[in-house]
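First the structure, in the form of structure tokens, and then the observations on it.
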Amino acid sequence: ERLANQIAAGEVVERPASVVKELVENAIDAGSSQIDILVEEAGLKKIQVTDNGEGIAEDDVENAFKRHATSKIHSRDDLFRIRTLGFRGEALPSIASVSYVTVETAVQGMKQGSLLRLEGGKVIEHTPAPLRQGTKIIVENLFFNTPARLKYIKTLQTELSNIGDIVNRLALSHPNIAFRLVHDGNKMLTTAGNGDLKQTIAGIFGVQTAKKLLAIEAKDLDFTVTGYISLPEVTRASRNYISTIINGRYIKNFALNKAIITGYGSKLMVGRFPIAVLEITMDPLLVDVNVHPTKQEVRLSKEPELTKLISKTINERLRLENL
Ligand code: ADP
Ligand code: MG
């Protein structure tokens, strides 16, 4: 069982950023309104995620670290949710198998909370803890027992930028949750969590950038698209500032990114990319869930219709500004 977890860890936990992603997604799933992420040495020393969500009941804490012990009900209508939640009860055991984990969690209405400590997936302590609503998970010494994996880790700077990227996107796709990311004592981002996408963008890309955004709104029979795009003068040297969110989940789709860029036409300089955050709503059945489970890439039915809608909307919006 522990070997199986280590093998699964190879797929689920590629790097510190994947741990952050899994822990934060769990915090989101737990209905949190505030998620604090504290990272040391780009996550290799320590990753701590604190939420104010529903918590894990005393009887379930150890179970959460066993394989396929998901508490999340997977209905057929929930196909898209299943995919984005990822690993169906594999994340926690995988993470625990390659690190030291401490969990403090409590469920409101219970007499007490619980504290669980594991080393390399093995429970070494399970005791009562104070009643503090929510869950705090600390992951330390990541990859301590998998030196081969450690060797693949790029520079701390690259790892940190991967972490920043994933937290940015999770925050952008959940404007109603207040996020805070701190690295080695330095605040990297805070979002208000008041549901306002523009303010969330300000928290992530800066207030000055947020002042140079255009609101986008489009609708056809199958899709609703809302969000913000930057003025053509506000560009970046990388596509990383383009975010697409489908039904509340951040996704990667090459064609959608291209559609956004196409919408700008010749207004973008070569090698420059806009800042854009688009929230797209569609029937979940139009989202193909059958792509690589650890990647956020999705395939879309009616993709040509959607890309055309996006390009056209952006093009018209820029023309409205006489740009
Ligand atoms: P999955 O998210 O696919 O269910 P995980 O291994 O990520 O699998 O988590 C296992 C279970 O642990 C979850 O189903 C959930 O019940 C519980 N859990 C994990 N993190 C949290 C959290 N922050 N708050 C509440 N419950 C959690
Ligand atoms: Mg999970």
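Taking Lys and Arg as +1 and Asp and Glu as -1, the other residues whose beta-carbon sits under 14 Å from that of residue 304 total +1. In order along the stretch 238-247, phi translates into HN-Hα couplings of 9, 6, 4, 9, 9, 10, 10, 10, 10, 6 Hz, rounded to whole numbers, per the Karplus curve 6.51 cos²θ - 1.76 cosθ + 1.60 with θ = phi - 60° and x for Gly and Pro. Of all DSSP-defined beta bridges confined to the chain, some 80% are antiparallel rather than parallel.
Quick check: net charge around residue 313, other residues with Cβ under 15 Å of its Cβ, Lys/Arg +1 and Asp/Glu -1? Net charge in that neighbourhood comes out at 0. The calculated Kirkwood hydrodynamic radius for the stretch 212-320 is 14.0 Å, given to one decimal from all distinct C-alpha pairs. A simple rule links phi to the HN-Hα coupling: the Karplus curve 6.51 cos²θ - 1.76 cosθ + 1.60 with θ = phi - 60°, which for the stretch 160-167 gives 5, 5, 5, 5, x, 4, 5, 5 Hz, with x for Gly and Pro.
Springs between Cα atoms under 10 Å define the GNM used for the chain, and in it the highest mean-square fluctuation of 199, 157, 108 occurs at 157. Charge tally for residue 45 (other residues, Cβ to Cβ under 15 Å; Lys, Arg +1; Asp, Glu -1): -3. Of 230, 99, the sequence from fewest to most neighbouring Cβ atoms within 10 angstrom is 230, 99. Structural descriptor for the chain: relative contact order 15 percent, calculated from alpha carbon pairs under 8 angstrom and at least 6 residues apart. In order along the stretch 143-151, phi translates into HN-Hα couplings of 6, 4, 10, 10, x, 4, 5, 4, 5 Hz, rounded to whole numbers, per the Karplus curve 6.51 cos²θ - 1.76 cosθ + 1.60 with θ = phi - 60° and x for Gly and Pro. The amide H of residue 34, built 1.01 Å from its N in the peptide plane, has 52, 178 as neighbours under 5 Å, considering only residues 5 or more places off or on other chains.
When you restrict to C-alpha pairs under 8 Å that are six or more residues apart and normalise by the size of the stretch 212-320, the relative contact order lands at 33 percent.
For the chain, the Cα gyration tensor yields ellipsoid semi-axes of 36, 20, 19 Å (square root of five times each eigenvalue, largest first, whole Å). Here the chain is treated with +1 on each Lys and Arg Cβ and -1 on each Asp and Glu Cβ, and its dipole about the Cα centre works out to around 980 debye.
For residue 189, the residues 5 or more places off, or on other chains, whose built amide H falls under 5 Å of its own are 181. Among the trypsin sites (Lys or Arg not before Pro) in the stretch 241-322, those located in a DSSP loop and surrounded by at most 11 other Cβ atoms within 10 Å of their own Cβ are 295.
DSSP finds beta bridges in the stretch 212-320, and of those with both partners inside it, around 75 percent are antiparallel.
Values quoted throughout were computed directly from the atomic coordinates according to the rules given, and no laboratory measurement underlies them. These numbers were taken from a predicted model, which means no experiment stands behind them. Cβ sites come from the backbone with ideal geometry, for glycine too, and all protein chains shown count toward neighbours.
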